[in-house]
Amino acid sequence: MNLTDEGSIIERCKKGDREAFASIVQQYMKPAYYVALGYVGRPDDALDLSQDAFVNAFRHIKRFDSSRKFFPWFYSILKNLCMNHIARTRRRQESSIDQMAEEGPVPIPVETVDPEQNALRRDLEARVGQALQRLRPRDREIIILQHFQDYSYQEIADLLGIPIGTVMSRLYGARQAMRRELERLGVK
Amino acid sequence: MPEDIYKPLLMGYLDSELTAIEVLRMEQHLEQCPECRRELEEFRKLKEVTQNMRVVTPDARSWEEYWSHVYNRLERTIGWIFMSIGAILVTSYGVYSLVAKFLLRSDIPLVVRLGIVALVVGFCTLLISVLRERIFMARMDKYERIKR
């Protein structure tokens with residue numbers, strides 16, 4: 001969808017056209033899910049939050065300048081929702097100290113696109129999932145988009161509304177952190 | 001170019017995202033910089049480890065139903081707005097009627113009027129408390145405390 005097409009669809013959304021908004025949702029639901037997963041780490045929560053973000057976006061669509069790309073604006077709504085969710089979850093965990101002490105953070109589920117699975121590979125997937133979970137949300141987000149979902153630098157730059165140079169420098173920092181976490185988990 | 005500029009460019013080189021000129025510059029730099037060569041090698045290993053790995057994505061049905069979930073939530077939001085307006089109007093009328101019909105009437109003993117006020121305030125406090133607890137419980141994972 002180019003910027004002109006998107007702009008005219010957004011104009012229809014501003015008039016309350018929900019079918020037009022459905023096409024925006026179809027276009028961006030997957031990146032929205034991956035970004036949310038990067039922040040919150042749990043697939044169910046990521047799906048839920050990404051849907052809530054679309055609802056909020058539709059409610060405030062009149063404030064959006066349709067000459068600009070939709071996703072970077074939507075991204076700020078989604079990011080706020082995710083940060084609020086993280087703060088709420090942290091408060092809840094702090095109120096049940098016993099549970100927090102017994103359980104570590106839940107690893108992000110990772111799978112290999114390869115029918116020939118073995119125990120070694122599954123163990124590696126589990127460690128990679130743990131390493132991912134230990135990253136800062138900001139690092140996890142870019143690692144998931146580039147490393148695990150094969151988005152190009154241009155696509156990431158468009159989605160997050162940042163220059164390609166920033167994509168590269170963020171990726172550099174995130175990969176360094178990922179390498180450190182994997183080493184800590186015994187993956188060399 | 002200063003050394004720091006090459007660090008992020010290493011990513012573009014590793015992922016084949018650089019232009020032909022940038023690739024040439026990067027290769028020239030790599031020939032004379034053992035530090036960047038070592039880092040590149042380590043990042044290559046990281047790429048190999050995670051090769052063909054994907055974060056688990058929701059199944060096809062979840063994607064098919066995605067829009068309908070968003071739509072339902074949109075509809076519910078409108079429902080909540082109308083319900084809230086209705087509740088405010090009805091409650092305001094109730095409060096007005098209570099004040100006009102009972103509390104300002106001098107033929108009803110003061111103790112009865114105070115009793116009515118206490119009854120209404122107590123009922124509303126309990127109702128709000130129970131509702132808040134229910135909403136909080138509904139948002140929580142019911143099986144969170146169960147060890148798997």
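The values are calculated or read from the model by the stated rules, or taken from the named source; none is laboratory data. Just so it is clear, the model here is predicted, and its values are computed rather than measured. Virtual Cβ from ideal backbone geometry, glycine too; neighbours counted across all protein chains shown.
Considering only residues in segment A:74-99 that are of a type in the set (Ser, Thr, Tyr) and at pLDDT 90 or above, the one that is surrounded by the most Cβ atoms within 10 Å (Cβ to Cβ) turns out to be A:75.
Of all the numbered requirements in (1) surrounded by 19 or more Cβ atoms within 10 Å (Cβ to Cβ); (2) of a type outside the set (Phe, Trp, Tyr); (3) outside any helix (DSSP H, G or I); (4) modelled with pLDDT of 85 or more, residue A:108 misses one, and that requirement is (4). Here B:27, B:75 are screened, and the one residue that is among the acidic types (Asp, Glu) and within 14 Å of another protein chain (Cβ to nearest Cβ) is B:75. Look through segment A:157-172, keep the residues that are more than 9 Å from chain B (Cβ to nearest Cβ) and part of a helix (DSSP H, G or I), and return whichever of them is surrounded by the fewest Cβ atoms within 10 Å (Cβ to Cβ). The extreme case among them is A:158. Set side by side, the residues B:90, B:95 differ, and just one is modelled with pLDDT under 90, away from every other protein chain (no Cβ under 14 Å) and assigned to a helix (DSSP H, G or I), which is B:95. With respect to the stated conditions, residue B:70 fails to be β-branched (Val, Ile, Thr), assigned to a helix (DSSP H, G or I) and more than 9 Å from every other protein chain (Cβ to nearest Cβ). Restricting A:23, A:76 to those that are hydroxyl-bearing (Ser, Thr, Tyr), without any contact (Cβ under 8 Å) to a residue 24 or more places away in the chain and within 11 Å of chain B (Cβ to nearest Cβ) reduces the list to A:23.
In the condition set (1) surrounded by 15 or more Cβ atoms within 10 Å (Cβ to Cβ); (2) not in a loop (DSSP other than H, G, I, E, B), residue A:120 is compliant with all but (1). Among the residues of segment A:111-126, those identified as modelled with pLDDT of 80 or more and either more than 9 Å from chain B (Cβ to nearest Cβ) or under 17 Å from the mean Cα position of the chain (by Cα) (or both) are A:122, A:123, A:126. Evaluating residue A:177 against the criteria (1) touching a helix residue (DSSP H, G or I) at 6+ places or on another chain (Cβ under 7 Å); (2) more than 10 Å from chain B (Cβ to nearest Cβ); (3) not in a helix (DSSP H, G or I) leaves one unmet condition, (3). Residue A:26 fulfils the conditions (1) surrounded by fewer than 19 Cβ atoms within 10 Å (Cβ to Cβ); (2) over 17 Å from the mean Cα position of the chain (by Cα); (3) part of a helix (DSSP H, G or I) except for a single criterion, (2). Within segment A:128-147, the set of residues being surrounded by 20 or more Cβ atoms within 10 Å (Cβ to Cβ) and in contact (Cβ under 8 Å) with a residue 40 or more places away in the chain comprises A:128, A:130, A:131, A:132, A:134, A:135, A:140, A:141, A:142, A:143, A:144, A:145. Of the residues examined, residue A:138 is not one that is more than 22 Å from residue A:50 (Cβ to Cβ), in a helix (DSSP H, G or I), more than 11 Å from chain B (Cβ to nearest Cβ) and of a type in the set (Lys, Arg).
Scanning segment A:41-52 for residues that are more than 14 Å from residue B:67 (Cβ to Cβ), surrounded by 22 or more Cβ atoms within 10 Å (Cβ to Cβ) and in contact (Cβ under 8 Å) with a residue 24 or more places away in the chain yields a count of 2. Based on what the data block shows, is residue B:22 within 11 Å of another protein chain (Cβ to nearest Cβ) and in contact (Cβ under 8 Å) with a residue 12 or more places away in the chain? So residue B:22 fits the description; yes. None of B:48, B:39 is outside any loop (DSSP other than H, G, I, E, B) and surrounded by fewer than 17 Cβ atoms within 10 Å (Cβ to Cβ) except B:48.
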